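Chemist: Here's a structure for you.
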Amino acid sequence: MGSSRDIAIGPVAVVSLLLATLLQDEIDPSKDPVNYLRLAFTATFFAGITQVTLGFFRLGFLIDFLSHAAIVGFMAGAAITIALQQLKGLLGITHFTKKTDIVSVMRSVLTTAHHGWNWQTIVIGLSFLVFLLLAKHIGKKNKKLFWVAAIAPLISVILSTLLVHVTHAEKHGVKIVREIKRGVNPSSLNEIFFSGEHLGKGFRIGVVAGMIALTEAIAIGRTFAAMKDYQIDGNKEMVALGTMNVVGSMTSCYVATGSFSRSAVNFMAGCNTAVSNIVMSLVVLLTLELITPLFKYTPNAILSSIVISAVIGLIDIEAVILIWKIDKFDFVACMGAFFGVVFSSVEIGLLIAVSISFAKILLQVTRPRTAILGKLPRTTVYRNIQQYPEASKVQGILIVRVDSAIYFSNSNYIKERILRWLTDEEERLKENNLPRIQFLIVEMSPVTDIDTSGIHAFKELHRSLQKRNVQLVLANPGPVVMDKLHASGFAEMIGEDNIFLTVADAVHTCAPKMVEV
């Protein structure tokens with residue numbers, strides 16, 4: 001149903017962690033496993049409904065409120081949180097905290113160091129973790145050997161299972177998977193909560209998990225689409241993912257989404273269509289039907305090693321450094337999401353990431369950039385004097401550019417900023433005994449729109465300038481802005497002859513009009 005040819009679908013680490021954390025906050029799986037499972041199916045159902053709704057009503061832009069910087073921080077924090085959770089299996093700890101923050105996890109690990117760790121488990125886990133990381137390194141260094149990293153987890157499971165079976169390590173405290181039920185799970189339609197106290201909880205968890213799953217899937221789809229030079233339809237992807245999760249919730253599945261590692265293996269193997277997902281599903285089906293008994297002696301430590309080696313790739317140090325170099329505010333969003341996840345919880349990290357992203361948008365909307373323009377030597381071009389130090393101001397004329405649309409949220413700021421520029425410039429001229437400012441030209445090329453508050457602010461600006469005996473002049477207002485200036489009567493207020501096509505035309509007309517003071 002989707003438009004991406006490369007995305008591989010399945011359970012992923014971040015969504016799995018998020019779902020597990022949110023579910024455990026509501027129901028303890030050790031005390032009430034039946035309702036825990038039912039709540040998971042309910043959350044999956046509403047995650048799918050959320051995704052279908054967003055796609056059907058073309059509301060995909062909502063997921064863009066999670067900026068790239070926030071996602072980088074969130075993913076890195078989630079990777080560390082997931083890795084810390086795997087210390088239970090890697091060290092052979094029996095009693096482990098259910099909390100996910102780094103302080104609680106490290107306290108749980110250290111307090112069991114003397115009596116809770118199992119050295120055989122640690123040897124198995126660390127040995128195969130080194131092997132997996134080495135295989136991943138080889139795959140990265142030599143693209144032709146990508147299959148080494150892809151097949152390493154399977155080899156690890158087979159070898160570790162044989163090792164435990166031959167040595168009977170389970171009798172020495174090495175925890176194993178034990179029996180996995182053979183076959184496909186039954187329908188779970190009757191398990192979903194459609195009423196009762198758990199309905200609201202399932203809806204809330206599903207919305208959050210669905211949004212994160214969407215963000216990851218769309219990001220992965222766009223990445224591979226860009227590499228192969230084709231376009232994906234974000235709304236179509238959402239409907240496809242949502243339908244998949246709705247059906248999945250009725251067939252004993254939890255929230256699935258696009259997996260970067262599986263998609264990368266698909267890409268490197270040369271898969272060109274979504275048929276690869278069908279092949280993958282058939283392999284999983286055959287595994288469930290035929291070979292699940294073979295996993296009886298698989299040690300939990302190897303599963304922890306595989307998860308740790310997988311999530312390490314989510315920590316993108318280079319991306320964090322680049323974010324720091326490009327935009328410090330983005331870096332704050334990145335670190336806010338990271339520390340929120342690591343020191344508190346996944347949902348807190350997510351909340352911080354979205355809040356900082358919103359704050360950045362509001363700051364940019366309410367505090368748009370303005371600049372004083374000057375004339376570049378031997379041209380009729382006017383540019384920002386801070387960007388072009390050689391640009392010179394025109395005597396008796398102040399030229400200001402507004403770099404955004406003018407709305408109720410920023411109109412007063414723009415008016416006050418322009419008056420502040422004028423006041424500062426007049427003081428400078430007075431100190432140097434130079435002629436005063438007689439014309440204020442506002443360059444409006446970047447102003448794509450203006451509302452009634454913006455026009456009201458311009459009327460107030462015009463009145464303030466009249467008291468100072470300064471004429472307001474507009475340069476290159478766009479068609480939408482021009483229509484509104486005429487409709488409001490502002491164009492007639494300042495005079496049609498004070499609206500020009502370019503700054504150069506305005507300066508050329510105003511300069512001869514200046515009088516000596």
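Chemist: Between Arg468 and Ala219, how high is the FRET efficiency from 1/(1 + (r/R0)^6) when r is the Cβ-Cβ distance and R₀ = 56 Å? Nearest 0.05.
Modeler: 0.60
Chemist: How tilted is helix 68-85 with respect to the longest principal axis of the chain? Cα atoms for both, answer in degrees (0 to 90, nearest 10).
Modeler: The angle comes out near 20 degrees.
Chemist: Project the alpha carbons of the range 45-194 onto their principal axes and report the range along each, largest first, in whole Å.
Modeler: Result for the range 45-194: principal-axis Cα extents of 58, 46, 40 Å.
Chemist: How far is helix 146-167 tilted off the main Cα axis of the chain, in degrees rounded to 10, range 0 to 90?
Modeler: 30
Chemist: Using only the Cα atoms of the range 445-490, each taken as one equal point scatterer with no solvent, compute I(q) by the Debye sum, divide by I(0), and report log10 of the ratio at q = 0.14, 0.18 Å⁻¹.
Modeler: Scattering profile of the range 445-490, log10 relative to I(0): -0.34, -0.55.
Chemist: If you project the alpha carbons of the range 269-405 onto their three principal axes, what span does each projection cover, largest first, in Å?
Modeler: Ordered largest first, the range 269-405 gives principal extents of 88, 40, 26 Å.
Chemist: Now for a separate question. Give me the angle, in degrees from 0 to 90, between the Cα long axis of helix 411-431 and the longest principal axis of the Cα atoms of the chain, rounded to the nearest 10.
Modeler: 50
Chemist: Return the Rg/Rh ratio of the chain with Cα-based radii and a Kirkwood Rh.
Modeler: With Rg and the Kirkwood Rh in hand, the quotient comes to 1.13.
Chemist: Using all alpha carbons of the range 228-342, what is the percent of pairwise distances in each 10 Å bin, ordered from the shortest bin to the longest?
Modeler: 9, 24, 36, 23, 7, 1
Chemist: What Kirkwood hydrodynamic radius, in Å, does the range 152-265 give when the mean of 1/r is taken over all pairs of distinct Cα atoms and then inverted?
Modeler: Values: mean 1/r = 0.0561 Å⁻¹.
Hydrodynamic radius (Kirkwood, Cα only) of the range 152-265 equals 17.8 Å.
Chemist: Output the antiparallel fraction of DSSP beta bridges having both residues in the chain, as a percent to the nearest 5.
Modeler: 45
Rule-based calculations on the coordinates, nothing more; no lab input. Note that the structure is predicted; figures quoted are calculated from it, not measured. As a convention, Cβ positions derive from the backbone with ideal geometry for all residues, glycine included, and neighbour counts pool all protein chains shown.
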